[in-house]
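Following: one structure in structure tokens, then a few remarks.
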Amino acid sequence: MIPKVDIPQADEIVCKCLQIPESVIRNCIEENGLTEIEQVTRACQAGGGCHTCHMLIQLFIDQNRERNRPTEEPVSAHPAKVLKKGIFARFFSRNGSKTPSA
């Protein structure tokens, strides 16, 4: 059975050892484009103690990466689905994006 992870509430202390709140960690990740836990630790010290918060820091990194992923990335990963006439083709034509050629 997979253990349930408690997601912190807005601005809850995530790094208990160093008393660093969620907002500081998320802002640090976003402003600096961080993609590794070690980078976050160097930038704001979060995760530098017992490492218990590493799972949440990785979650914040993953969420930031998904939010900032360029449209072209999923298009190139799934061209057959995007090229098919349907919701994706309509979406990209409305937004001026080009779908990859077949």
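Structure data summary
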{"item": "Nearest-10 value in Å² for the accessible area of Val24, using the 1.4 Å probe", "result": "60 Å²"}
{"item": "Interchain or long-range residues, amide H under 5 Å from Cys15's placed H", "result": "Ile20"}
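The values are calculated or read from the model by the stated rules, or taken from the named source; none is laboratory data. Note that this is a predicted model, so its numbers are computed, not measured. Ligands, DNA and RNA are excluded from the accessible area calculation, which covers all protein heavy atoms including side chains. Shrake-Rupley method; radii C 1.70, N 1.55, O 1.52, S 1.80 Å.
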